[in-house]
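Q: Okay, here's the structure, questions in a sec.
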Amino acid sequence: VGSGKLGRLFVEVLGCDGLPNLDKGVVSKNKTDSFVSCIFEDGLINTDIIDDCLSPRWLPWSKRAFIYHIMHTSSQLFLGIFDFDAGFGNDHDLIGRVSVDISNLRKDTTYVMKFDIFPTTAMSTREAQGNITIRLRLEVDDDRKFV
């Protein structure tokens, strides 16, 4: 995904833990139907939806791994964690978001990272809404161009 030519960013969404139940009151046994939107530069991809689970795991055969082509070395990866709501308008509920600075990653190194999920960037009112675990790897075609 994307139009960059500097290298590739490999992203895998492995799982989340401790998500809030945003489907309370709809049906007594209904829980959050989570999915993750991954945004990097000019590319946007969504994971599969995991139904009725507050600690979802995206298994290897599910839609969880993506390759982004890098345009800029200082770009950030944005992850939005949502509760899927079917119906007109697809008005999904935001659980929270994470921002990953790829400029700190070393090429050809695989990272498994866990981040707290926050619904807002306001520092005074932040309370974690669970956490997300991802796997990242950076491949660079030409070290001189990537600097």
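The values are calculated or read from the model by the stated rules, or taken from the named source; none is laboratory data. Just so it is clear, the model here is predicted, and its values are computed rather than measured. Cβ sites come from the backbone with ideal geometry, for glycine too, and all protein chains shown count toward neighbours. Heavy atoms of the whole protein, side chains included, go into the accessibility calculation; ligands, DNA and RNA do not. Shrake-Rupley method; radii C 1.70, N 1.55, O 1.52, S 1.80 Å.
Q: Which percent of the accessible heavy-atom area of segment 44-101 goes to carbon and sulfur, probe 1.4 angstrom?
A: The C+S portion of the solvent-accessible surface of segment 44-101 is 56 percent.
Q: Only one of the listed values, [x] 35, 14, 12; [y] 30, 16, 14; [z] 26, 18, 14, was derived from the coordinates as semi-axes √(5λ) of the Cα gyration tensor in Å; which label is it?
A: Matching the structure shown: [y].
Q: What ranking do 54-60, 109-115 get when scored by the average of other Cβ atoms within 10 Å per residue, highest first?
A: With the highest mean Cβ count within 10 Å placed first, the list reads 54-60, 109-115.
Q: Over the chain, what is the relative contact order in percent, taking alpha-carbon pairs closer than 8 angstrom and at least six residues apart?
A: Once divided by the residue count of the chain, the mean separation gives 30 percent.
Q: Please give the contour-minus-distance gain from Thr73 to Ala86: 0.36 nm per residue of separation, less the Cα-Cα distance, rounded to one decimal in nm.
A: Using 0.36 nm per residue and subtracting the Cα-Cα distance, I get 1.0 nm.
Q: Within the set of other residues whose C-beta is less than 14 Å from the C-beta of Ile134, count the net charge using Lys and Arg as +1 and Asp and Glu as -1. Spell out each step's value before the answer.
A: On the way: positive: Arg57, Arg64, Arg97, Lys114, Arg135, Arg137; negative: Glu12, Asp17, Asp101, Asp116.
After counting each charged neighbour, the total is +2.
Q: Here's something else I'd like to know. Could you give the accessible area per residue of the chain, probe 1.4 Å, as a whole number in Å²?
A: Per residue, the chain has an accessible area of 57 Å².
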